[in-house]
Amino acid sequence: MYKYLFGPVPSRRLGISLGVDLVPHKTCSLDCIYCECGQTTDFTVERQEYVPVDDVLEELDDYFQNHPDPEYITFSGSGEPCLNSRIGEVIEFIRKRKPLVSIAVLTNGTLFKQEEVRKALLGADLVMPSLDGASISTMQTINRPHASIDMEAYIEGLVSFRNEFQGKFALEIFILPGCNDTADELTSLKTAIERINPDVIHLNTLDRPGVVSNIRSATRRELEDIADFFKPFSVEVIAAAPERKGLNSYRSDIESAILETVLRRPCTLEDLATILGSHVNEINKYLGALEEADKIESVHQDRGLFYQAKNKFADN
Ligand code: SF4
């Protein structure tokens with residue numbers, strides 16, 4: 001069992017990818033209301049070696065020796081990967097050891113105003129920074145940023161990275177109806193997009209429950225209308241995750257263990273990850289499948305989002 005690698009997990013954009021998590025659970029510069037990993041608990045913009053990178057390199061080495069190459073190796077997980085001050089070394093290590101494997105970085109982009117962060121990512125093939133609004137009020141509603149984050153510096157950082165990075169730059173915009181889809185918001189966003197000039201825009205929306213209860217997913221139609229508005233930029237509406245149960249990596253014993261655990265008492269994502277010794281992104285995959293199968297449901301409580309068995313299963 002690896003501590004810093006997870007999956008391979010199904011990704012909506014990359015197919016099946018091996019995840020690398022360089023920060024402890026919910027170490028982030030944002031506290032997005034839609035975050036699938038729960039509320040940010042270590043709210044910071046300070047870069048440091050949050051997890052020992054030598055151990056990450058050892059795990060990667062072991063993975064390469066014992067498994068077939070994945071399509072992608074993706075820096076993501078349960079927080080902001082660029083907060084780890086040695087992310088560039090991990091990218092270089094993979095680049096040298098596996099020159100044919102693609103490297104992707106999922107990041108909120110808020111640290112891009114720092115030149116060393118931008119430099120650290122230059123060896124990646126695909127970087128997917130996010131920008132959900134172009135005004136600080138929208139950002140405060142959706143992303144609840146660390147107090148030191150300045151909107152103009154955030155956008156300027158994205159522009160600088162776009163100019164320096166030779167790989168594919170996919171700007172992710174997470175649409176939450178009622179929060180960032182008004183005509184004014186979309187017009188401001190489009191102005192920011194024109195400055196950033198991404199290769200492609202990924203329009204995303206809720207797939208799993210977020211941190212707060214009063215938000216909903218955008219419909220396919222709403223996303224397509226927004227995609228039209230952003231033309232002539234290339235826009236991809238992100239489809240649902242690949243059918244989870246069809247994956248080779250899907251393990252029904254883990255699904256059963258989750259179901260048995262939540263039958264006894266409701267649990268948060270983090271509780272389940274601790275009890276079952278798996279990464280939160282891995283557990284998320286099974287929670288998604290169990291929700292799709294109508295076997296569990298999520299409820300918001302003071303301590304966060306809890307998963308519990310649906311009544312018909314609890315009564316059995
Ligand atoms: S930036 Fe990503 S990890 Fe951080 S709170 Fe937002 S969705 Fe979660």
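Bear in mind these aren't lab numbers, they're just calculated from the coordinates by the rules spelled out. All of these numbers come straight from a predicted model, not from anything done at the bench. Using ideal geometry, Cβ is built from the backbone for each residue, glycine included, and neighbour counts are taken over all protein chains shown.
Worth pointing out:
- Bridgeable aspartates and glutamates around Lys96 (alpha carbons under 13 Å apart, same-chain partners fewer than 8 residues away excluded): Asp61.
- Cross-linked pairs Lys119/Lys190; Lys98/Lys190; Lys113/Lys190: Cα-Cα separations exceed 28 Å for Lys98/Lys190.
- Exposure proxy ranking for Asp62, Asp207, based on other Cβ atoms within 10 angstrom of each Cβ and starting from the fewest, stands as Asp62, Asp207.
- Ascending count of other beta-carbon atoms within 10 Å, so fewest first, for Arg47, Arg144: Arg144, Arg47
- Most fluctuating residue given options Cys82, Cys32, Cys179, as computed from a GNM of the chain linking Cα atoms under 10 Å: Cys179
- Likely footprinting exposure, Glu260, Glu222, fewest C-beta neighbours within 10 Å first: Glu260, Glu222
- Largest GNM mean-square fluctuation across Pro52, Pro232, Pro81, computed for the chain with C-alpha springs under 10 Å, falls on Pro232.
- Projected onto its three principal axes, the C-alpha set of the range 5-237 covers 51, 34, 33 Å, listed from the longest axis down.
- The alpha carbon centroids of the range 69-136 and the range 149-180 are separated by 14 Å.
- Helices in the chain, meaning DSSP H runs of at least 4 residues, each add -39500 (n - 2.57). Divided by all residues, the mean residue ellipticity at 222 nm is -10500 deg cm²/dmol.
- The phi-based Karplus calculation (6.51 cos²θ - 1.76 cosθ + 1.60; θ = phi - 60°) puts the 3J(HN,Hα) values of the range 167-176 at x, 8, 10, 10, 8, 9, 10, 9, 8, 10 Hz, whole numbers, x for Gly and Pro.
- Segments 161-172, 180-191 sorted - mean Cβ within 10 Å per residue, highest first: 161-172, 180-191
- Between Ser11 and Ile16, Ser17, the built amide H atoms are under 5 Å apart, and every one of these is 5 or more places off in sequence or on another chain.
- Most mobile of Ile103, Ile238, Ile201 in a GNM of the chain (Cα contacts under 10 Å): Ile238
- Considering only the chain, percent of DSSP beta bridges that pair antiparallel, nearest 5: 35 percent
- Amide H contacts under 5 Å for Tyr2, placed H, 5+ residues apart: none
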